[in-house]
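A.B. asks: Quick one: the structure is below, questions incoming.
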Amino acid sequence: MFFALPALAKKQQTQNSEFGAMTCEEFIQDVATSDEDSIAVIFLWLDSYLSGVSGDTRLNGDNLEGFSTKPMNGCAKKPKSKVLDVAKAVGIK
């Protein structure tokens, strides 16, 4: 996995995202138009951010895929909300 990170980072360089200002509507559109590798990077970043906010230092690989549905469902219900606000509300567990 660590060997793949430079390639993913290079791929993401052209698409910088300001998650603090991004609405759920924009987030859903970004996810819908991204390839699988980019989507994985987006949700890994989001999980890492929320882990930093909450103080959770564990990486639960089994739960990472399930984690992605929480912010997506939350954002679908509140498309004008900020993605980080919704992500914080639904949590990382």
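A.B. asks: From (1) surrounded by fewer than 14 Cβ atoms within 10 Å (Cβ to Cβ); (2) under 19 Å from Ala21 (Cβ atoms), pick out the condition that doesn't hold for Ala87.
C.D. replies: (1)
A.B. asks: Determine the pairs where a residue that is at pLDDT below 85, located within the stretch 40-67, has a partner that is open to solvent by 30 Å² or more (accessible area, probe 1.4 Å) and not acidic (Asp, Glu) with Cβ atoms under 8 Å apart, the partner being 6 or more residues away or on another chain.
C.D. replies: Here the result reads Asn63/Lys93; Leu64/Leu44, each pair linking the stretch 40-67 to a residue that is open to solvent by 30 Å² or more (accessible area, probe 1.4 Å) and not acidic (Asp, Glu).
A.B. asks: Of the numbered conditions (1) free of Cβ contacts under 8 Å to residues at least 40 places away in the same chain; (2) open to solvent by less than 50 Å² (accessible area, probe 1.4 Å); (3) not polar (S, T, N, Q), Lys77 satisfies every one except a single condition; which is it?
C.D. replies: So Lys77 meets the others, but not (2).
A.B. asks: While we're looking at this one, here's another question. Which residues, counting only those in the stretch 33-74, are surrounded by 14 or more Cβ atoms within 10 Å (Cβ to Cβ) and polar (S, T, N, Q)?
C.D. replies: Ser34, Ser38, Ser51, Ser68
A.B. asks: Right, next: For the stretch 19-29, which positions are part of a helix (DSSP H, G or I) and buried (at least 16 other Cβ atoms within 10 Å of the Cβ)? Break it down into steps so the answer makes sense when it comes.
C.D. replies: We begin by selecting, within the stretch 19-29, every residue part of a helix (DSSP H, G or I); these are 24-29.
Matches in the stretch 19-29: Cys24, Glu26, Phe27, Ile28.
A.B. asks: Could you check, for the stretch 54-66, whether at least one of its residues is over 14 Å from Met22 (Cβ atoms), within 13 Å of the chain's Cα centre (by Cα) and not in a helix (DSSP H, G or I)?
C.D. replies: So far as the stretch 54-66 goes, no, none of its residues is over 14 Å from Met22 (Cβ atoms), within 13 Å of the chain's Cα centre (by Cα) and not in a helix (DSSP H, G or I).
The values are calculated or read from the model by the stated rules, or taken from the named source; none is laboratory data. None of these values were measured; they are calculated from a predicted model. Every residue, glycine as well, gets a Cβ built from its backbone with ideal geometry; the counts of neighbours run over all protein chains shown. Accessible surface areas use protein heavy atoms only, side chains included; no ligands, DNA or RNA. Shrake-Rupley method; radii C 1.70, N 1.55, O 1.52, S 1.80 Å.
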